[in-house]
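A.B. asks: My structure is below; once you've seen it, I'll send some questions.
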Amino acid sequence: MAEVIIMPKLGFNMDNGQLVAWHKSVGDPVAKGDPLFDINTDKTTMPVEATSDGILLKILLEELEFADVFTPIAVVGAAGEDPDAILAAYGGGESSAQSAAPAGEADGGASAAPSVPSPAAAAPGLNLTPKARKLVADQELDIASVAAVTGTGYRGGITAKDIKASPLAKKIASRDGVDLAGVAGTGHAGKVMAADVRAAGASGGPVASAGTGTPDKIESKRVPYAGVRKIIGDRLAASKFTAPHLYFTDAIDTTAFAAFRKEVNEKSGQKIAVSDFFTLAASKALQKFPGMNVSLQGDEIIYYESTNIGTAVAGDQGLIVPVIKNAQQKTLGQIARESRDLVERAKAGQLNPDEFSGGTFTISNLGMFGIENFTAIINPPESAILSVSSVRKKPVVVQDASGEDVIAIRPMMNVQLTVDHRVIDGLLAAQFLACFKELLENPLTILM
């Protein structure tokens, strides 16, 4: 039985997904349970398996392109079946295709995107998706050249990706002054390729109008603000402009901590990272000051018994925060093993959604990059985040054996605590940070 494959919704906050790679090509047999494609969700890459047997009849979404959840992206059916007819039946027929065109907007489109006035609107019989119409209007493309494009969208509709040139083709056209609107494409679905631009230039094809000087800004590339980057941006913007952030900064003498960590690593038989000590220390400080381990959701302040500590990690798909759940119940060695596994898979984009959700407190450590001081934005729905900077040798005032104040060179590490002032008062935040500092300057107490 034929099946229309849609972009799945794999997380509560997932609105769209990026197709990373197809494991099958058009015409390949597909068995139920076979890996069909990989997608980037809000923070990780996940494989999606086929749910039926058949032949991959049509692909509507190219690799590295975005689509809204539930948007058709492929058709699987029996050999010889017409994928366009299957899509027509799925979408409810001709009228549905013209009004919504969910599958035709395979370049990341939305089913209810508003139509954009353009010269193409007056062209009878020209079936353009809303994004394609906007592209025609924005770039003032020649209607005749657009009409010659073979559409790959719903019922043969022309999508924006069908009339776009490849990035290399655009670069060559800009360099050689070739007007892309007049170049016939030989790539997939009539896409203009680099070879097409070179051939047009060699044969005296249409030339773009020359500028009057060197542009102020020369672009290297453009990428869509979508997927992981957009989700991170939207969440942090909402956090910054909704929650009043309050900041507390202190410096920690790491002399004893560095020596203690070295001794632990020599005797434990496994590597304990600096961040593992931070996780356990933060957990202990949260237990001592439970008013820090809260979140504001709606009209309620939720207090947590679990200390779920997230550590911000820069992965290939952007910032991700794997979470050590119930850190208060775990030993330093357990935290180290779990953290190492989570961080490795976070960098590879292989975490499951439950492994980077459910945090109650986050640590962002940029010390390894030499940053002296920075301010982090709270990771919602949490109410606090701790920024950890690099260790630098600085002159500080200490007491010698006789109790006299003397100046000594010590390895000092700046930390900054950011809290949501709606639910955390300044005194509580100061007490928490002082406790965290005390634990690191007397590191044996972290294990007690």
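Each reported figure results from applying straightforward, stated rules to the coordinates on display, with no laboratory input. Treat the numbers as computed from the prediction; the structure is a model and nothing was measured. Cβ: placed from backbone, ideal geometry, glycine included. Neighbour counts: every protein chain shown.
A.B. asks: How much length is gained if the chain between Asp250 and Met368 is pulled fully straight, taking 0.36 nm per residue apart and subtracting their Cα-Cα distance, in nm to one decimal?
C.D. replies: Numbers: separation 118, 0.36 × 118 = 42.48 nm, distance 1.84 nm.
Residue separation times 0.36 nm, minus the Cα-Cα distance, leaves 40.6 nm.
A.B. asks: Extension gain Leu427-Ile407, at 0.36 nm per residue separation less the Cα-Cα distance, in nm?
C.D. replies: Working: separation 20, 0.36 × 20 = 7.20 nm, distance 3.00 nm.
Between Leu427 and Ile407, full extension yields 4.2 nm more.
A.B. asks: Would you please state the base-10 log of I(q)/I(0) at q = 0.16 1/Å for the stretch 227-447, with intensities from the Debye formula using one equal scatterer on every alpha carbon?
C.D. replies: The Cα Debye sum returns log10 ratios of -1.14.
A.B. asks: Over what distance in Å are the Cα centres of the stretch 324-370 and the stretch 42-75 separated?
C.D. replies: One Cα centre to the other: 30 Å.
A.B. asks: Given contacts defined as C-alpha pairs under 8 Å and at least six residues apart, what's the relative contact order of the stretch 1-85, whole-number percent? Write out the running numbers ahead of the final one.
C.D. replies: On the way: 207 pairs, mean separation 31.9, N = 85.
Normalised by residue count, the contact order of the stretch 1-85 is 38 percent.
A.B. asks: Still on this structure: Rounded to the nearest 0.05, what FRET efficiency is calculated for Leu444 and Val69 with R0 set to 60 Å and r the Cβ-Cβ distance? List each step's numbers first, then the result.
C.D. replies: Details: r = 50 Å, r/R0 = 0.84.
The computed FRET efficiency comes out at 0.75.
A.B. asks: Any of Lys240/Lys262; Lys267/Lys437; Lys288/Lys347 with alpha carbons more than 28 Å apart? Name them for me. Let's see the in-between values first.
C.D. replies: Details: Lys240/Lys262 38 Å; Lys267/Lys437 25 Å; Lys288/Lys347 32 Å.
From the list (Lys240/Lys262; Lys267/Lys437; Lys288/Lys347), the Cα-Cα distance tops 28 Å for Lys240/Lys262; Lys288/Lys347.
A.B. asks: Still on this model: Which FRET efficiency, nearest 0.05, do Ala199 and Ala21 yield, Cβ-Cβ r, R0 41 Å?
C.D. replies: On the way: r = 31 Å, r/R0 = 0.74.
My answer for the efficiency is 0.85.
A.B. asks: Also, quick follow-up: Once amide H atoms are placed 1.01 Å from N in the peptide plane, what residues at a sequence separation of 5 or more from Met7, or on another chain, have their amide H within under 5 Å of its amide H?
C.D. replies: HN-HN under 5 Å from Met7: Phe70, Thr71, Ile73.
A.B. asks: If each residue's Cβ is checked for other Cβ atoms within 10 Å, how do Phe278, Phe70 rank with the fewest at the top?
C.D. replies: Working: Phe278 23, Phe70 13.
Fewest-to-most ranking of Phe278, Phe70: Phe70, Phe278.
A.B. asks: Still on this structure, please answer the following. On a full-extension model of 0.36 nm per residue, what is the gain between Asp341 and Lys262, subtracting their alpha-carbon distance, rounded to one decimal in nm?
C.D. replies: Numbers: separation 79, 0.36 × 79 = 28.44 nm, distance 2.16 nm.
So the extension gain works out to 26.3 nm.
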